[in-house]
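Taking it in order: structure first as structure tokens, then the write-up.
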């Protein structure tokens, strides 16, 4: 008898490097980050620039991000189609798109969360290094948490892994299903950490939603 091992219900995460956009998008996002810092000034006076995430307003309606928006929508379409969905029945809408920069003096982080009412989420890193925060993805098999055993070696990615750490670098895209729980670890404040975060939604064709920008 031969034992055959198969994998079912996999969770895809897509990685792509596009370093040529880093400089221009850093410039384009500067004003948004400064606006966010201004809004956070009452907290910064009390706590200095510690433990904050400077979260911008929406980027999708700024013409400087038109190419970026089209790129993420086009790729979300491809990724959903590759996963087996009949994506021809839908168009891809930008539900949310913003830039975030963590506190200069450290402490910025995101607790674990998902993005409801979206299908594809992602990051594009503008300022990052091996001294900054980075995303951590959680096992999406919720029922597995009930019977989780101790891992033999947590430094290796195996079928037993509960968490996957992904080092961030400028110019790196990450696309993932919006149901995938994720977080950002506490940033030490040694070097700048900035990224664009986006959530995309597949909307049935024929459904008019003027609040969403789409392809």
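Just so you know, all these numbers are worked out from the coordinates, no wet-lab data involved. What you see is a predicted model, and the numbers here were worked out from it, not measured in a lab. Here Cβ is always computed from backbone atoms with ideal geometry, including for glycine, and neighbour counts include all displayed protein chains.
With just the Cα atoms defining each centre, how far is segment 131-197 from segment 98-122? Give it in Å. Taking the Cα centre of segment 98-122 as reference, the centre of segment 131-197 is 12 Å away. Average projection, convex hull of the Cα set of segment 136-179: 3.9 square nanometres. Taking all Cα-Cα distances within segment 32-93, those exceeding 14 Å account for 68%.
Put in order of Cβ neighbour count within 10 Å, fewest first, the listed residues 157, 203, 196 become 157, 203, 196. Over the chain, the pair-distance histogram of Cα-Cα distances with 5 Å bins from zero comes to 1, 7, 13, 17, 18, 16, 12, 8, 5, 2, 1, 0, 0, 0, 0 percent, rounded to whole numbers. By the beta-carbon count within 10 Å of each Cβ, the least crowded to most crowded order of 2, 38, fewest first, is 2, 38.
Counted residue by residue at 0.36 nm each, then reduced by the alpha carbon distance between them, the extension gain from residue 46 to residue 63 reaches 2.6 nm.
What the Cβ-Cβ distance of residue 20 and residue 205 gives, at R0 = 30 Å and to the nearest 0.05, is a FRET efficiency of 0.35. In terms of the mean number of neighbouring beta-carbon atoms within 10 Å, the peptides 189-195, 113-119 order highest first as 189-195, 113-119. Label zone (residue 185, point 7 Å along Cα-to-C-beta; backbone nitrogen cut-off 14 Å) within segment 161-175: 163-169.
Here each label is just a point 7 Å from Cα along the line to Cβ, and for residue 78 and residue 148 those points are 3.4 nm apart.
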